[in-house]
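> This is the structure I want to talk about, given as structure tokens.
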């Protein structure tokens with residue numbers, strides 16, 4: 001299947017050819033992977049519920065606590081990807097055409113792949129790195145650290161590869177040298193930003209503001225009247241009416257998204273946990289489910305209106321979208337580079353600024369270029385992360401006595 005919306009929006013793309021070349025195979029291996037995925041989702045969601053019921057009032061505080069809005073800006077831009085900007089207009093026609101998504105509308109499906117419940121993955125890992133890891137230190141164990149580092153580096157390469165592959169759809173006529181040069185510049189900016197933790201804070205707040213500005217720009221250009229919002233809200237609200245369907249994969253493409261969220265979950269929780277600023281467990285869950293979902297819902301609603309009205313986006317608007325996408329990529333790669341450099345003990349302090357920038361730029365850009373020639377899929381990375389989850393559950397059970405000091409009574 002080929003995703004192409006040239007007739008609708010002027011944004012030609014072959015998303016399924018890029019990500020799921022055998023989307024319709026539904027072979028035994030795919031079914032087994034999806035069964036594992038469904039079990040993993042059920043276990044993680046159940047764990048989150050139990051944590052909130054038992055320790056809901058426990059305060060959480062990281063090593064570099066930030067106000068809630070700053071924390072959410074860091075999470076929003078680090079925990080999302082350029083796909084939030086570039087995918088929806090190419091996906092709406094597919095969700096409308098395929099029978100598998102016929103239980104609801106395309107806007108609800110898009111929101112289900114990016115919003116609300118999937119953010120519970122980040123809740124669980126953020127809680128873990130605030131409360132469990134300081135007591136058990138499981139990610140300091142050699143095998144766990146090596147696997148986690150490999151996952152982070154592979155995800156960095158995948159993120160850059162997606163951006164490299166999508167650029168021609170948003171920058172008309174971009175030449176191959178310019179495309180590779182732009183990706184190289186983006187990686188360089190991300191590595192430079194990762195040299196000081198202060199940069200990611202301001203970058204996250206700035207990119208969130210730019211994203212909100214992009215929503216306003218497309219809203220104004222599209223001519224969408226405020227009277228359109230109630231109807232769009234009803235369509236988006238169908239997601240909640242069909243919420244159980246989004247817990248388990250409905251298609252191979254839905255499974256791709258869920259594996260993608262799993263692949264990101266541990267490393268994003270590990271990164272953002274340091275910025276948690278004293279909120280209680282239940283407040284963290286509510287904040288993660290609701291706050292990111294609001295701008296995502298508004299963004300998708302504006303894009304869905306553009307799609308429904310067959311509004312062609314001019315080259316300048318596509319460049320604006322690509323620009324915000326660039327900032328999202330920089331922020332994501334910044335957070336991931338900071339993590340794996342600490343794991344490998346290749347930090348700025350240990351290498352010095354120039355050597356740090358040169359080493360990590362060469363590593364990341366080289367891996368992005370090599371990713372084009374590998375059969376590696378994000379589903380496999382997600383499966384490795386699920387395996388890591390399973391190992392952590394076993395290790396936590398074995399060391400459960402070390403967690404006996406965590407009591408609800410700690411929360412006044």
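The values are calculated or read from the model by the stated rules, or taken from the named source; none is laboratory data. If you're wondering where the values come from, they're calculated on a predicted model, not measured in any experiment. Virtual Cβ from ideal backbone geometry, glycine too; neighbours counted across all protein chains shown.
> At least 2 residues that are touching a helix residue (DSSP H, G or I) at 6+ places or on another chain (Cβ under 9 Å) and either closer than 16 Å to residue 124 by Cα or at pLDDT 85 or above (or both) in each: list the helices (runs of 4 or more DSSP H) lying fully within the stretch 1-79 that qualify. Explain how you work it out, then say what you get.
Values: elements: 6-9, 15-19, 28-55, 68-78.
Filter on the stretch 1-79 gives 28-55, 68-78.
> Pick out the one residue from 395, 367 that is over 26 Å from the mean Cα position of the chain (by Cα), in a helix (DSSP H, G or I) and surrounded by 14 or more Cβ atoms within 10 Å (Cβ to Cβ).
On the way: 367 fails: over 26 Å from the mean Cα position of the chain (by Cα).
Among 395, 367, only 395 is over 26 Å from the mean Cα position of the chain (by Cα), in a helix (DSSP H, G or I) and surrounded by 14 or more Cβ atoms within 10 Å (Cβ to Cβ).
> Can I ask one more? Does residue 170 satisfy being free of Cβ contacts under 8 Å to residues at least 24 places away in the same chain and either under 30 Å from residue 294 (Cα atoms) or surrounded by fewer than 21 Cβ atoms within 10 Å (Cβ to Cβ) (or both)? Spell out the reasoning first.
Working: free of Cβ contacts under 8 Å to residues at least 24 places away in the same chain: no; either under 30 Å from residue 294 (Cα atoms) or surrounded by fewer than 21 Cβ atoms within 10 Å (Cβ to Cβ) (or both): yes.
Considered against the rule, which asks whether it is free of Cβ contacts under 8 Å to residues at least 24 places away in the same chain and either under 30 Å from residue 294 (Cα atoms) or surrounded by fewer than 21 Cβ atoms within 10 Å (Cβ to Cβ) (or both), residue 170 comes out as no.
> Shifting gears a bit: For the stretch 254-285, what are the residues that are over 22 Å from residue 151 (Cβ atoms) and in a helix (DSSP H, G or I)?
281, 282, 283, 284, 285
> Among the residues of the stretch 238-254, is there at least one that is more than 19 Å from residue 318 (Cα to Cα) and more than 23 Å from the chain's Cα centre (by Cα)?
First pass over the stretch 238-254, keeping only residues more than 19 Å from residue 318 (Cα to Cα): 238-254.
From what is left, the residues that are more than 23 Å from the chain's Cα centre (by Cα) are 241.
Taking every residue of the stretch 238-254 in turn, at least one turns out to be more than 19 Å from residue 318 (Cα to Cα) and more than 23 Å from the chain's Cα centre (by Cα).
> Please tell me if residue 214 is touching a residue at least 12 places away in the same chain (Cβ under 8 Å) and more than 23 Å from residue 318 (Cβ to Cβ). Don't jump to the end; show me each part of the working.
Details: touching a residue at least 12 places away in the same chain (Cβ under 8 Å): yes; more than 23 Å from residue 318 (Cβ to Cβ): no.
No.
> Right, next: Inspect all residues belonging to the stretch 196-216 and state whether any of them is under 28 Å from residue 365 (Cα atoms), out of contact with any strand residue (DSSP E or B) (no Cβ under 7 Å at 6 or more places or on another chain) and outside any helix (DSSP H, G or I).
Yes.
> Going through the stretch 221-279 one residue at a time, which ones are touching a strand residue (DSSP E or B) at 6+ places or on another chain (Cβ under 6 Å) and surrounded by fewer than 17 Cβ atoms within 10 Å (Cβ to Cβ)?
278
> Oh, and also: So which residues in the stretch 374-392 are in a loop (DSSP other than H, G, I, E, B) and closer than 30 Å to residue 195 by Cα, if there are any at all? Show your work before the answer.
At the first step, the residues of the stretch 374-392 found to be in a loop (DSSP other than H, G, I, E, B) are 374-377.
Result: 374, 376, 377.
> Further, regarding this structure: Here are some residues: 70, 108, 40. Which one is surrounded by 17 or more Cβ atoms within 10 Å (Cβ to Cβ) and in contact with a strand residue (DSSP E or B) (Cβ under 9 Å, 6 or more places away or on another chain)? Working first, answer last.
Values: 108 fails: in contact with a strand residue (DSSP E or B) (Cβ under 9 Å, 6 or more places away or on another chain); 40 fails: in contact with a strand residue (DSSP E or B) (Cβ under 9 Å, 6 or more places away or on another chain).
The unique qualifying residue is 70.
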